[in-house]
Amino acid sequence: MMPESRVILTAQEIDLALKRIALQILERNQSVAELAIVGIHTCGVDLAERIRAIIQEQAGVAVPFGALDITLYRDDWSIISQNPVVRTTDLSFVVEGSRLILVDDVLFTGRTVRAAMDAIMDYGRPHSIQLAVLVDRGGRELPIQADYTGMQTTVLPQERIQVILKEHDGHDEVVIQKNS
């Protein structure tokens with residue numbers, strides 16, 4: 001039996017949210033010369049690529065891009081899975097001194113972002129790290145907040161947010177699913 005779900009962002013709303021986030025990033029970071037965009041695997045990478053494309057189109061310059069795997073930096077990786085899936089980290093730009101925009105799909109406890117910051121520091125010390133998320137669902141366990149948010153919502157403990165992206169699933173939408 002499929003869990004109950006309801007759509008909270010349509011494809012058009014996702015596009016608008018990403019455009020708004022990209023424009024806010026440009027507004028806050030007047031010089032894009034030091035800017036770099038890094039997505040957290042898996043959905044964060046896809047969203048980061050979209051945000052980067054919008055920024056490049058608006059600014060007319062190339063913006064460095066990276067993909068970050070935080071699996072082994074998580075403080076709960078052994079609880080989540082005995083056989084974690086480790087993906088590729090690709091930060092083929094100089095992290096040191098960059099104004100890094102970290103992108104993830106959903107901000108919940110803050111543990112993923114904490115792990116991502118630990119991983120980034122292994123590559124150098126950026127001038128700053130700013131966080132962009134598509135959905136902030138609340139429920140923080142760590143004092144971490146997003147600088148750029150597509151949507152804020154409240155989710156019950158028995159519910160979870162699923163971000164569905166065309167890069168993997170053929171279409172875009174964000175749904176809240178009730179766990180059975």
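The values are calculated or read from the model by the stated rules, or taken from the named source; none is laboratory data. Keep in mind that what you see is a predicted model, and the values were worked out from it rather than measured. In this analysis, Cβ positions are derived from the backbone assuming ideal geometry, glycine residues included, and neighbour counts consider all displayed protein chains.
Numerical summary
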{"quantity": "Any chance E96 is at pLDDT below 95 and farther than 19 Å from L23 by Cα", "calculated": "no"}
{"quantity": "Qualifying positions in the stretch 129-156 - over 22 Å from E49 (Cα atoms) and touching a Gly at 6+ places or on another chain (Cβ under 8 Å)", "calculated": "R140, E141, L142, P143, I144, T153, T154, V155"}
{"quantity": "E57 vs. criteria closer than 15 Å to L131 by Cα and surrounded by fewer than 21 Cβ atoms within 10 Å (Cβ to Cβ)", "calculated": "no"}
{"quantity": "Any hit, the stretch 9-20, residues being in a loop (DSSP other than H, G, I, E, B) and under 12 Å from the mean Cα position of the chain (by Cα)", "calculated": "no"}
{"quantity": "Tally of residues being more than 19 Å from S128 (Cβ to Cβ) and exposed (fewer than 14 other Cβ atoms within 10 Å of the Cβ) across the stretch 12-35", "calculated": "2"}
{"quantity": "Every residue from the stretch 95-153 that is touching a residue at least 12 places away in the same chain (Cβ under 8 Å) and in a helix (DSSP H, G or I)", "calculated": "R111, T112, V113, R114, A115, A116, M117, D118, A119, I120"}
